[in-house]
1. With (1) surrounded by fewer than 17 Cβ atoms within 10 Å (Cβ to Cβ); (2) under 19 Å from the mean Cα position of the chain (by Cα); (3) not in a helix (DSSP H, G or I) as the list, and Arg100 as the residue in question, which single condition is left unmet?
2. Using the structure shown, decide if Arg62 is loosely packed, with under 10 Cβ neighbours inside 10 Å and assigned to a loop (DSSP other than H, G, I, E, B).
3. Find all pairs meeting these conditions: Cβ atoms under 9 angstrom apart; at least six residues apart or on different chains; first residue within region 1-29 and small (Gly, Ala, Ser); second residue part of a loop (DSSP other than H, G, I, E, B) and at pLDDT below 95.
4. Condition first: surrounded by 17 or more Cβ atoms within 10 Å (Cβ to Cβ) and either without any contact (Cβ under 8 Å) to a residue 24 or more places away in the chain or more than 30 Å from Leu89 (Cα to Cα) (or both). Now tell me which residues in region 34-57 satisfy that.
5. Please go through region 47-77 and give me each residue that is more than 30 Å from Arg18 (Cβ to Cβ) and of a type outside the set (D, E, K, R), ordered by number.
6. Return the only residue of Ala5, Ala87, Ala94 being buried (at least 17 other Cβ atoms within 10 Å of the Cβ), outside any strand (DSSP E or B) and not acidic (Asp, Glu).
7. Might you let me know whether region 21-33 holds any residue that is surrounded by fewer than 14 Cβ atoms within 10 Å (Cβ to Cβ) and over 18 Å from Asp1 (Cβ atoms)?
Amino acid sequence: DYFRAITEERVIAVEDARNDIRTRSFDRDYLSVQNIHSMLDAPIFDGEQLSGVVCLESSVRRDWSVPDISLSAAIADTISLMNTHEAWLRSKRALEYVSR
């Protein structure tokens, strides 16, 4: 199941997305329609909550390399850090407002 995997795994690196148990549910309505064979997905979190996914896709079967996997994880981590920073700024502004 994709949604369980995306919250439990660091990244989902799938060479054959149409047949992999984690991604095959997307085949009929998305993968086949868009001619996607391989997927590399990394979760974006806002605190403990999944808030998005960095998705890299390929129209040919692809064995994702360690640099590919590292890049997708780094992008997702950067966005997660930006989410955390934005939440911190909102809290700081609210505290400053009530402290006046």
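1. Result: Arg100 fails condition (2) only.
2. Details: loosely packed, with under 10 Cβ neighbours inside 10 Å: no; assigned to a loop (DSSP other than H, G, I, E, B): yes.
Criteria not met by Arg62.
3. What qualifies is Ser25/Asp1.
4. Ile36, His37, Ser38, Met39, Leu40, Leu56, Glu57
5. Step one: list which residues in region 47-77 are more than 30 Å from Arg18 (Cβ to Cβ), which gives 47-48.
Of everything in region 47-77, just one residue is more than 30 Å from Arg18 (Cβ to Cβ) and of a type outside the set (D, E, K, R), namely Gly47.
6. Numbers: Ala87 fails: buried (at least 17 other Cβ atoms within 10 Å of the Cβ); Ala94 fails: buried (at least 17 other Cβ atoms within 10 Å of the Cβ).
One residue alone meets the criteria, Ala5.
7. There is at least one residue in region 21-33 that is surrounded by fewer than 14 Cβ atoms within 10 Å (Cβ to Cβ) and over 18 Å from Asp1 (Cβ atoms).
The values are calculated or read from the model by the stated rules, or taken from the named source; none is laboratory data. As the structure is a prediction and not an experimental result, all values here were calculated from the model. In this analysis, Cβ positions are derived from the backbone assuming ideal geometry, glycine residues included, and neighbour counts consider all displayed protein chains.
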